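Here is the structure we will look at.
The values are calculated or read from the model by the stated rules, or taken from the named source; none is laboratory data. Everything numeric in this text was worked out from a predicted model, so none of it was measured. Glycine gets a Cβ as well: all are built from the backbone with ideal geometry, and neighbour counts include every protein chain shown.
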Amino acid sequence: MSGKDIRVDVHHIARVEGHGNIVVDVKRGELKEVKLEIVESPRFFEAMLVGRRYPEAVHITSRICGICSVSHANASIKAIEDALGIKPTWQTEVLRKILMAAEIMDSHALHCFFLAAPDFVGAPSVIPLASTSPEVVKTAIRWKKLAHDICDTIVGRHTQPISMVVDGFTNRVTEDQMRELRSKIKEVLENDVPKTLEFFSKLKIPAFERKTDNVCLTQPGEYAFYDGAIKSSKTGEYKHRDYKLKIAEQVVSHSTAKQAFGPVKPYMVGALSRFNNNFDQLMPKAKEVAEKLGLEAPSHNPYQITNAQIVETVHCMEFMMKLFDELLSRGIKDEREERPPIAGWTTKLPPINKSWGVGVVEAPRGLLVHEYKFNNDGMIESANCIIPTAQNLANIEADMRKLVPGILDRPKEEITLLLEMLVRAYDPCISCSTHMLKVDFIE
Amino acid sequence: MKKPKVGFFEFTCCEGCQLTVLSLGDKLLDLFESVDIVNFREASSYKGQDYEIAFIEGSISTSKDIERIKEIRARAKICVALGACAHLGGVNAIRNFQRQSDVRWRTYGDKAWLFDSILAQPIDAVIKVDHVIPECPIDKKEFLRATASILLGKKPFIPDYPVCVDCKMKANVCLFHKPNPIACMGPVTRAGCGAVCPSVGNACEGCRGLIPDPNLSAWEEVLKEHGLSIEDILKFYHMYNGLMGVRR
Ligand code: SF4
Ligand code: SF4
Ligand code: SF4
């Protein structure tokens, strides 16, 4: 089959906020073009923030993405606290870490069960799966519900959190609530994980490797989601305020998502990068799960991202239990009087010290950066939000450039499926990973 | 009985409302059983074009959106606006009150001209909407209740009284009266969420839209007493209710 012309147009996804297409163009057996196009409506969040009172940014930017609204809220809060020169209390930070872990668990469960699982059992979606493999769907529902219960209790609502604000929370959780959540996590961890492993260990992961630059947060003492320095497996570590040394942004015409990539080469963010860079800090059960799934750090196979997400999900459950234990042993305090939280519509706002602030967290899909500049009245003057999927676009294209020449002799359906699965593996936002693909081969 | 065919569609938004549907827990399985979902990008790769009920999430913000939503309207017997983006324009409409050339430049620099974009609008600016399920994001219980009503051929009940009523019933201390007051839009906003935001100590931002005949001037006076400027008050409206003047 080599020597022929192939054009693959996969009408797909690739969200920063939405859909995308894969375009691969082969002329006489030679790869001419590989593109991942984003064709979603532009959102303009950075512009919307201009002129707003600083704490309003939290609830506006959490509306960038319904799947990772907690991550956006945390990145936004951290950018503002950076500019205010505030270090939140220990309790506030622990609660934020629990929220991050719950969101990552929810998002990964959605990807692994609702999106990836149907592929592996040859079903078009989770809907028929509900009758053919009800246990799998029910497990997914239990995991998601657990994550939602945790967020609902701590911040009033999971999608679009309410009470997490600058320098604290506007509500207070009780120790009884914490104990209840902890026991729910324990139950899921003990009952569901073995069954889940059995299901996912049967998955066939396509063989493909490309060594890339793994980028994620890292910090001593724990597997970083909430805080840390930016670590590149190739170029070392960067402080959060120096993020631009690693991440440059450019607008490419085929995408409404701005592509982000390091000054030198494409890099990967997300579960597999975190797994590769911070493997040693995973909780014990998560390490066991990795072993059972045959996943070893470092892995250079992007199709392994789904497995890395399963490992992280187990880690998140164990990690949350550990944090709940720490909270309960110290006792939960009402800190609102001593440290009044600064909500979006708090009427009297403390002045901003520094003219700019940066917040970096690990969203489920990888490194998320918010940077704001402020004027003297505490109004936002400009904003920059760099979203994980935007950072992965260049890396996915680089993977496709390596993958395609090696599989040109295979049937069209297989080429398409492998490309589709590759993009899906990156989990470029749920909406991106599901809809039907229109494929044109020009021969 | 033949199950009604249902489609979920998204325009400009965070997709948090569709995700809320996917997070219904056990009730999600009931939903799968009582309707035939032929179009749900968040959950399925299958795309059917024969639906009777269309749940539409998100705002209209490109010229292509207008064509697409008109096609959906032409196919569906019933169109339901899902969430604040579809109902009110949502946070997407914040930029309507800024200069559009600035908005585009700030996000895409000199490539701004490459992207199709018009002012963000609620879906009823373009098509006839039969029912609204408000809030940002939609409330799970309200969604189930409203969907049940729609399937029975009835109009879903959405209250007309303000959030303050629900808030008082929960015996919350009013945010305006706290030691560090937080301005709240509860007095002019449509209830039905159980005052979920004030109940966890944060402002109602008006995401369910205004009540009929709200006493806006009295509310604005209270905000001014708390030191908010006219500009601040306008920004408060712009969170979700910037287009109210156009709508009323
Ligand atoms: S109404 Fe809110 S939660 Fe729903 S799509 Fe719009 S921004 Fe997202
Ligand atoms: S907190 Fe808000 S909703 Fe509650 S009573 Fe006060 S103004 Fe009304
Ligand atoms: S309290 Fe206000 S902002 Fe919060 S959900 Fe209800 S209507 Fe929306």
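Values for this structure:
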{"read-out": "Which listed residue, of A:H158, A:H108, is touching a residue at least 24 places away in the same chain (Cβ under 8 Å) and over 30 Å from A:L349 (Cβ atoms)", "value": "A:H108"}
{"read-out": "Failed item, numbered, when A:P88 is tested on (1) outside any loop (DSSP other than H, G, I, E, B); (2) at pLDDT 85 or above; (3) not aromatic (F, W, Y)", "value": "(1)"}
{"read-out": "Wholly enclosed helices (runs of 4 or more DSSP H) of the range B:60-111 bearing at least 1 residues of a type outside the set (S, T, N, Q) and at pLDDT 95 or above", "value": "B:63-75, B:84-88"}
{"read-out": "Positions within the range A:288-345 being of a type in the set (S, T, N, Q), without any contact (Cβ under 8 Å) to a residue 40 or more places away in the chain and within 21 Å of A:L181 (Cβ to Cβ), in sequence order", "value": "A:S329"}
{"read-out": "Answer from B:I182, B:I133, B:I138 - the residue that is within 14 Å of another protein chain (Cβ to nearest Cβ), within 16 Å of ligand 1 (Cβ to nearest atom), surrounded by 17 or more Cβ atoms within 10 Å (Cβ to Cβ) and of a type in the set (A, V, I, L, M, F, W, C)", "value": "B:I138"}
{"read-out": "Search result, residues across the range A:159-176 that are over 22 Å from B:P181 (Cα atoms) and more than 7 Å from chain B (Cβ to nearest Cβ)", "value": "A:T174, A:E175, A:D176"}
{"read-out": "Any hit, the range B:214-226, residues being within 12 Å of chain A (Cβ to nearest Cβ), of a type outside the set (V, I, T), crowded, with 20+ Cβ neighbours inside 10 Å and closer than 26 Å to A:Y54 by Cβ", "value": "yes"}
{"read-out": "Output for the range B:192-218, where each listed residue is away from ligand 1 (no atom under 16 Å from the Cβ), more than 20 Å from B:A93 (Cβ to Cβ) and more than 17 Å from the chain's Cα centre (by Cα)", "value": "B:P198, B:S199, B:V200, B:G201, B:D213, B:N215, B:S217, B:A218"}
{"read-out": "Residue among A:I141, A:I154, A:I127, A:I104 that alone is part of a helix (DSSP H, G or I), β-branched (V, I, T), at the interface with chain B (Cβ under 10 Å from one of its Cβ atoms) and more than 23 Å from B:V196 (Cβ to Cβ)", "value": "A:I127"}
{"read-out": "The range B:84-99 - residue that is within 9 Å of chain A (Cβ to nearest Cβ) and either closer than 16 Å to A:G51 by Cα or surrounded by fewer than 24 Cβ atoms within 10 Å (Cβ to Cβ) (or both) and, of those, nearest to the chain's Cα centre (by Cα)", "value": "B:V91"}
{"read-out": "Residue in the range B:192-210 that is surrounded by fewer than 18 Cβ atoms within 10 Å (Cβ to Cβ), within 14 Å of ligand 2 (Cβ to nearest atom), more than 8 Å from every other protein chain (Cβ to nearest Cβ) and under 26 Å from A:M164 (Cβ atoms) present", "value": "yes"}
{"read-out": "1 or more residues closer than 19 Å to A:I386 by Cβ and modelled with pLDDT of 90 or more: qualifying strands (runs of 3 or more DSSP E) within the range A:217-280", "value": "A:229-232, A:236-238"}
{"read-out": "B:I56 more than 25 Å from A:L110 (Cα to Cα) and either under 22 Å from the mean Cα position of the chain (by Cα) or touching a residue at least 24 places away in the same chain (Cβ under 8 Å) (or both)", "value": "no"}
{"read-out": "Filter result for B:V129 (within 16 Å of ligand 2 (Cβ to nearest atom), at pLDDT 95 or above and not in a helix (DSSP H, G or I))", "value": "no"}
{"read-out": "Answer residue from the range B:166-185, given it is within 13 Å of ligand 3 (Cβ to nearest atom) and touching a Ser or Thr at 6+ places or on another chain (Cβ under 8 Å) and is farthest from A:E56 (Cα to Cα) among those", "value": "B:K170"}
{"read-out": "Pairs, first over 16 Å from B:A171 (Cα atoms) in the range B:193-209, second more than 16 Å from ligand 1 (Cβ to nearest atom) and not in a helix (DSSP H, G or I), C-beta under 8 Å, six or more apart", "value": "B:E205/A:W345; B:R208/B:A191"}
{"read-out": "Qualifying residue in the range B:151-172 (condition: within 10 Å of ligand 2 (Cβ to nearest atom), within 12 Å of chain A (Cβ to nearest Cβ), within 18 Å of A:S163 (Cβ to Cβ) and modelled with pLDDT of 95 or more)", "value": "yes"}
{"read-out": "Of all residues making up the range A:45-78, the number that are part of a helix (DSSP H, G or I), away from ligand 2 (no atom under 16 Å from the Cβ), closer than 24 Å to A:D152 by Cα and of a type outside the set (V, I, T)", "value": "13"}
{"read-out": "Test: residue in the range A:390-413 that is assigned to a loop (DSSP other than H, G, I, E, B), loosely packed, with under 15 Cβ neighbours inside 10 Å and in contact with a helix residue (DSSP H, G or I) (Cβ under 9 Å, 6 or more places away or on another chain)", "value": "yes"}
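For every residue, the table says whether it meets (1) among the charged types (D, E, K, R); (2) closer than 22 Å to A:P350 by Cα.
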{"site": "B:P156", "(1), (2)": "no, no"}
{"site": "B:D160", "(1), (2)": "yes, no"}
{"site": "B:K170", "(1), (2)": "yes, no"}
{"site": "B:V173", "(1), (2)": "no, no"}
{"site": "B:R190", "(1), (2)": "yes, no"}
{"site": "B:E205", "(1), (2)": "yes, yes"}
{"site": "B:R208", "(1), (2)": "yes, no"}
